[in-house]
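Colleague: I have a structure here, written as structure tokens, and I will follow up with some questions on it.
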Ligand code: ADP
């Protein structure tokens, strides 16, 4: 009877379940989107019960579709959208409020009003910055604004979790209340120097420790699924053996396991992570210190840069400007430009993330003249994604005082060869895309498989990595610098926009 690993990949817009075999091939996938709620400008919520139901139904579906039975699953792995907050009642198991999603900006004002001293303290202890993006201020908001939440917390009747914790709690029938180091660290309540929840940070955000889950590694058995999870008559209890944030999972899935190795995921946003091994590198260039993984008794770290709008800019061309019909044809349009018009698009629709962190910037197009055509705009939009990723790459090189020579890429937009070549050209690196770009799911699958010895060790996993393409830089350094100079001017002219026009 062939055995498999089942991964739950709970993303921002959909829940997916994937089954992987020993060769690291994905043999079945099921995916369902769930609803996004925007009750007020800047607010983003999801229904945690809907997330659970959607995730569970994809799990059942993927087994049905593939005709693989639950006894053939050696372990379940979990990877998830990070920072999103669920608070639920210990007695009923029901959330007391919708999940507040990582994109939600409702606590922006609260964050802005914190003192420089508090910013410094948080930066030192967490490796992150005070920002609505992370979980802490969202938890505080629920405790302060949901009827009787503080009362319930004082009676020790509340539980908080990011989505991994919520799923494990549900999958085990409410038996297990845990998180992992990668997810814990993104809450803003976790001290990266002693690897535990931090009393001073809990006090700062006025969050009682009693609501927090226990922190475990990314690769160990947390518990087993409750009997009847899959169907009434199926009493199999599958061990749940990995939990890791989605970006860290992609870093692992790309096998960026040594210091200096970098992955870029080009999805809706773009996330760039560099493994820094056991060293916690403190950035002086707008990057975040993140836990890369914890397994085999060891915690490793990464430097991270987040670009808010990447593939989303392509969706904007398609859905708002309606100048392309689908994302794939952007590559064709870009290839039609054969003049040297220097058009720049800065897609800072929701402000700028790393390394600028300017939430007042808004999008702009520069360098228009009477000859500018759709082709130029499409091409400049693709280029803008690469420029933003390059800003993060440059910041990493400055922080580490070392050159980066290879970028391992994945995510939907990494299929665009024009963009990948442009990335190689401006970043002065090779760009490598693996055949299997489901690296986010693969990271969690590998960590779960390692925990139950489905794979013996990392060496065995390395056999599974195949290359789709590898690109080398094709323009001179002088030309690359000229292009980047234009981008630097363009991006700086968008800074502070909404503030300046007040
Ligand atoms: P997510 O996981 O964030 O939903 P995906 O990894 O599925 O994202 O990638 C989808 C994104 O990639 C979309 O924003 C889409 O516009 C973009 N995209 C997909 N294919 C291409 C392509 N060939 N060229 C450029 N962008 C693309």
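Colleague: Could you rank the peptides 65-73, 214-222 by their average count of other C-beta atoms within 10 Å per residue, with the highest value first?
Modeller: Averaged packing, sorted descending, gives the order 214-222, 65-73.
Colleague: Tell me, 256, 111, 270 in order of fewest to most beta-carbon neighbours within 10 Å? Display every interim value, and only then the final one.
Modeller: Numbers: 256 23, 111 18, 270 28.
Least to most surrounded, the residues fall as 111, 256, 270.
Colleague: Another question, then. Quickly rank 273-280, 223-230 as a protection proxy: mean count of other C-beta atoms within 10 Å, highest first.
Modeller: Ranking the peptides 273-280, 223-230 by packing returns 273-280, 223-230.
Colleague: Could you work out how far helix 136-145 tilts from the main Cα principal axis of the chain, as a 0 to 90 degree angle to the nearest 10?
Modeller: The angle comes out at about 60 degrees.
Colleague: Pairing the Cα long axis of helix 439-451 with the longest principal axis of the chain, what angle in degrees results, from 0 to 90 and rounded to the nearest 10?
Modeller: 30 degrees
Colleague: Please sort 377-383, 56-62 by packing, taking for each peptide the average over its residues of neighbouring beta carbons within 10 angstrom, highest first.
Modeller: 377-383, 56-62
Colleague: Rounding to the nearest 10 and keeping the result within 0 to 90°, find how far the Cα-based axis of helix 116-126 lies from the longest principal axis of the chain.
Modeller: Between helix and principal axis, roughly 70 degrees.
Colleague: For a quick check: sort 495, 271 by the number of other beta carbons within 10 angstrom, fewest at the front.
Modeller: In order of increasing Cβ crowding within 10 Å: 495, 271.
Colleague: Right, something else. Just need the relative contact order of segment 254-501 here, percent rounded to a whole number, with Cα pairs under 8 Å and 6+ apart. Before the final figure, lay out the partial values.
Modeller: On the way: 453 pairs, mean separation 50.7, N = 248.
About 20 percent, as a whole number.
Colleague: Counting each DSSP H run of 4 or more residues in the chain as -39500 (n - 2.57), what helix-only mean residue ellipticity at 222 nm follows after dividing by all residues, to the nearest 500 deg cm²/dmol? Kindly include the intermediate steps, with their values, before the conclusion.
Modeller: Numbers: 17 runs with 168 residues, N = 502.
Per the formula, -10000 deg cm²/dmol.
Colleague: Now a separate question. Under 8 Å for C-alpha pairs, at least 6 residues apart: give me the relative contact order for segment 4-237, rounded to a whole percent. Numbers along the way, then the final one.
Modeller: Working: 422 pairs, mean separation 39.9, N = 234.
About 17 percent, as a whole number.
Colleague: A further question follows. Distance in nm between label sites at residue 209 and residue 40, each 7 Å beyond Cα in the beta-carbon direction?
Modeller: It works out to 3.3 nm between the two label points.
Colleague: For segment 231-283 and segment 105-120, write down the distance between their C-alpha centroids in whole Å.
Modeller: Taking the Cα centre of each part, segment 231-283 and segment 105-120 sit 29 Å apart.
Colleague: Give me 333, 360 ranked fewest to most by other Cβ atoms within 10 Å of their Cβ, as a rough exposure proxy. The partial results should precede the final answer.
Modeller: Values: 333 21, 360 16.
The order, fewest Cβ neighbours first, is 360, 333.
Colleague: How high is the relative contact order of the chain? Use alpha-carbon pairs under 8 Å, at least six apart in sequence, and give a whole percent.
Modeller: Numbers: 1096 pairs, mean separation 70.5, N = 502.
Computed value for the chain: 14 percent relative contact order.
Colleague: What is the distance in Å between the Cα centres of segment 127-199 and segment 1-42?
Modeller: 23 Å
Colleague: Here's something else I'd like to know. Can you give me the C-alpha center-to-center distance between segment 374-439 and segment 473-502, rounded to a whole angstrom?
Modeller: With segment 374-439 and segment 473-502 each reduced to a Cα centre, they are spaced 16 Å.
Colleague: Another question, then. When the convex hull of the C-alpha atoms of the chain is computed, what volume per residue in Å³ does it have? If you can, show how the numbers build up before the last one.
Modeller: Details: hull volume 73.0 nm³, N = 502.
Normalising the Cα hull of the chain by residue number yields 145 Å³.
Colleague: Out of all DSSP beta bridges in segment 254-501, what portion is antiparallel? Express it as a percent rounded to 5.
Modeller: Percentage antiparallel, nearest 5: 75.
None of the figures in this text is laboratory data; all of them are computed from the coordinates on show. In this text, all values refer to a predicted model and were calculated from it rather than measured experimentally. Every residue, glycine as well, gets a Cβ built from its backbone with ideal geometry; the counts of neighbours run over all protein chains shown.
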